[in-house]
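These notes are about the structure you will find just below.
The values are calculated or read from the model by the stated rules, or taken from the named source; none is laboratory data. All values derive from a computational prediction rather than experimental measurement. Cβ placement follows ideal geometry from the backbone for every residue including glycine, while neighbour counts extend to all protein chains displayed.
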Amino acid sequence: MDNSSSVIETRLKRLREKLKLKDIEAVLINKRENYFYLSGFTGTSAYLLISMEEAYLITDFRYVEQANEQAQKYKVVEYKGNIIEALNEIINKHSIKRLGFEENYLTYQIFNEYKNSLMASDLLPFGKEIDELRFVKDQVELNVIKKAVKIADEAFSHVAKLIKPGIREIEVAAEIEYYMKKLGASGPSFDTIVASGKRAALPHGVASEKPIEMGDIITLDYGCVYNNYCSDMTRTVFLGEPNKDLVKIYEIVLKAQLEASASAFRGMKAKDIDKIARSIIAENGYGPNFGHSLGHGVGIEIHEEPRLSVKGEVVMENGMIVTIEPGIYVEGLGGVRIEDIIVINDLKPEVLTSSSKEIIIL
């Protein structure tokens, strides 16, 4: 991904605005997704210490050259042995007293180590503010996610031609992941779900050794990582003559998916979008069979804010990227889920996922 200096500079400016609002002098960041977002550094070990005037990236000898190349807006510091000593040297140099930290990421053990060893007098939670920076995607991020979505779409077209009686779920999953890598993905964004027959009633039915049989309904839920960004999609298909009850369920889920997607526009609360799909499913008698949230943000992480759930209070803004994925699951029968990735865009959301949502009989 093109994390140009101007992109990183804009992200740092937004972070510093939040520091100023919270009256925090600097923030310490070591969650990988956050330090990548704010610096462009893709290595697996780094700490960012960002103040109103300076930005430091602290890493070990393995990554110094890479950090200097990728994180050009940062002063790269190599630490040897104890990270606390390296951090304290910077904290002392700039007389930092009020230091923000990622409270939703740090373990209790590491927090105590920071509290007892860092020379900043006040450690203040700042993780929520960093998450909020990533809610709205910029054009660079949108372009990468569009490519990740396209790879997943192409994998669906490819694997749909290969599904036949006797092929195991795990073979279908392997083919999806292999094909996505052939198209440039670094790997799947989560464990690929292939759930057939009665197993389709499992919302997270990770691919098993079960052979797919004629008459099965098959849920395919997967995504890829491309240039550090994720995609996520679900399609439910039939092999042979479909069960009439499952066809009815499919039509209900499709209606819920389409209406919720069309209503996901700027100014809507996350919980109100969730309610649209949930109401349609409940009105048709399947309310208890839709037990998960409607969707979630997608970006550097496969599950990000905002969450489209019954408790979701986030108000939609242009540039937010979320999934819309209602489902109905009936034990002993099977289940249906349909999922797209959309971009919030005024009154007409942009649907990125292009694979057909009409009933597909293989």
Checked pairs for region 310-322, first touching a residue at least 24 places away in the same chain (Cβ under 8 Å), second among the charged types (D, E, K, R) and surrounded by fewer than 14 Cβ atoms within 10 Å (Cβ to Cβ), C-beta under 8 Å and 6 or more apart or across chains, list as Asn318/Asp346; Gly319/Asp138
List pairs: first in region 200-228 and modelled with pLDDT of 95 or more, second among the basic types (Lys, Arg), Cβ under 6 Å, 6+ apart or cross-chain? Glu209/Arg168; Pro211/Arg168; Thr219/Arg337; Leu220/Arg235; Tyr226/Lys147
Only residues that are charged (D, E, K, R), within 18 Å of Leu362 (Cβ to Cβ) and either more than 22 Å from the chain's Cα centre (by Cα) or surrounded by fewer than 16 Cβ atoms within 10 Å (Cβ to Cβ) (or both): list them for region 205-253, please. Lys210, Glu213, Asp216, Glu241, Lys244
So in region 339-362, with the set limited to residues that are over 17 Å from the mean Cα position of the chain (by Cα) and hydrophobic (A, V, I, L, M, F, W, C), which one is nearest to Met316 (Cα to Cα)? Leu347
Among the residues of region 77-99, is any out of contact with any Asp or Glu (no Cβ under 9 Å at 6 or more places or on another chain), closer than 18 Å to Glu25 by Cα and surrounded by 18 or more Cβ atoms within 10 Å (Cβ to Cβ)? yes
Which of the residues that make up region 171-217 are β-branched (Val, Ile, Thr) and either in contact with a helix residue (DSSP H, G or I) (Cβ under 7 Å, 6 or more places away or on another chain) or not assigned by TED's automatic domain parsing to the domain that holds His158 (or both)? Val172, Ile176, Thr192, Val194, Ile212, Ile217
Could you identify the single residue in Lys146, Lys137 that is buried (at least 20 other Cβ atoms within 10 Å of the Cβ), of a type in the set (Lys, Arg) and under 14 Å from the mean Cα position of the chain (by Cα)? Lys137
Residues in region 17-37: is at least one within 30 Å of Val225 (Cα to Cα), touching a residue at least 12 places away in the same chain (Cβ under 8 Å) and surrounded by fewer than 15 Cβ atoms within 10 Å (Cβ to Cβ)? no
Filtering region 252-297 down to residues that are aliphatic (A, V, I, L, M), touching a helix residue (DSSP H, G or I) at 6+ places or on another chain (Cβ under 7 Å) and assigned to a loop (DSSP other than H, G, I, E, B) yields Ala264, Leu294
